[in-house]
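Right, one structure below, let's go through it.
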Amino acid sequence: MNQRLVYVVGPSGAGKDSLLQWLVQHPPAGTQLHLARRTVTRPASAGGEGHESVDASAFAALRDAGAFALHWSANGLHYGIREQEFAALDTGAWVLVSGSRAHLALAQKSYPGLSAVHVHASAGVLRQRLRARQRESNAEVEARLHRALAFEPAADAFCLTNDEDLDSAGLRLKEHLFSPTAPCAARSARRTSIS
């Protein structure tokens, strides 16, 4: 059953959320897909995903009450996936999660056999996408690039380069999940210079 839990990670700018949305809009015939809604300590007005917005104290109360199947902290924010978001697994559906690179191992421990996907992009593409968002300074963008290139995904994760158009990357992800292929290619292929 945990194979139908798809945990997708990747650096900002890699396009993992866009890929998940694409997959939900293009499901395989006869397959139900559920995109897990995240609870985040970020204002709803911040845009992006349609998350459940809570403040830090409300998040802590939910966490302490056992409301989250998974939770983590990253970039000064707290993220959680409520237990009910995984209920679709019991009905045979696939559940898609936009997760955290740093907490993949914990998710794998909690849900052995989950399908891990690492979405990445070349340094030039990441830089272009991050700058286009205009949320960070050039120095902050470069720091993100360094962290992205230093990250080593799990050996059993499927690595997907998302430098192309969304349809091309989405079709590759769809093919992998529903007719699985080999995991990551050689790690050296991902170590693209940031210059």
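Quick notes on this one:
- Gyration tensor (alpha-carbon) shape descriptor, region 115-176, a/c threshold 1.5: oblate
- Value at 222 nm in deg cm²/dmol, rounded to 500, when DSSP H runs of n ≥ 4 in the chain each add -39,500 (n - 2.57): -9500 deg cm²/dmol
- Over region 1-89, relative contact order from alpha-carbon pairs under 8 Å, at least 6 apart, %: 26 percent
- Only the Cβ atoms of Lys and Arg (+1) and of Asp and Glu (-1) were treated as charged; on that basis the dipole of region 30-166 about its Cα centre amounts to roughly 320 debye.
- Positive dipole terminus of the chain, leading residue within 124, 97, 159 (C-beta point charges): 124
- Accessible-area composition of region 1-117, carbon plus sulfur, in percent [1.4 Å probe]: 50 percent
- The peptide list 132-141, 104-113, put in order of mean Cβ contacts within 10 Å with the highest first, becomes 104-113, 132-141.
- Net charge in the neighbourhood of residue 173 (other residues with Cβ under 15 Å of its Cβ; Lys, Arg +1, Asp, Glu -1) is -2.
- Taking amide H as placed 1.01 Å from N in the peptide plane, the amide H of residue 10 sits under 5 Å from that of 101, 119, each at least 5 places away or on another chain.
The values are calculated or read from the model by the stated rules, or taken from the named source; none is laboratory data. Computed from a predicted model, the values in this text were never measured in an experiment. Ideal geometry is used to build each Cβ from the backbone, glycine not excepted, and the neighbour counts take in all protein chains shown. We work out accessible area using only protein heavy atoms, side chains counted, and drop any ligands, DNA or RNA first. Shrake-Rupley method; radii C 1.70, N 1.55, O 1.52, S 1.80 Å.
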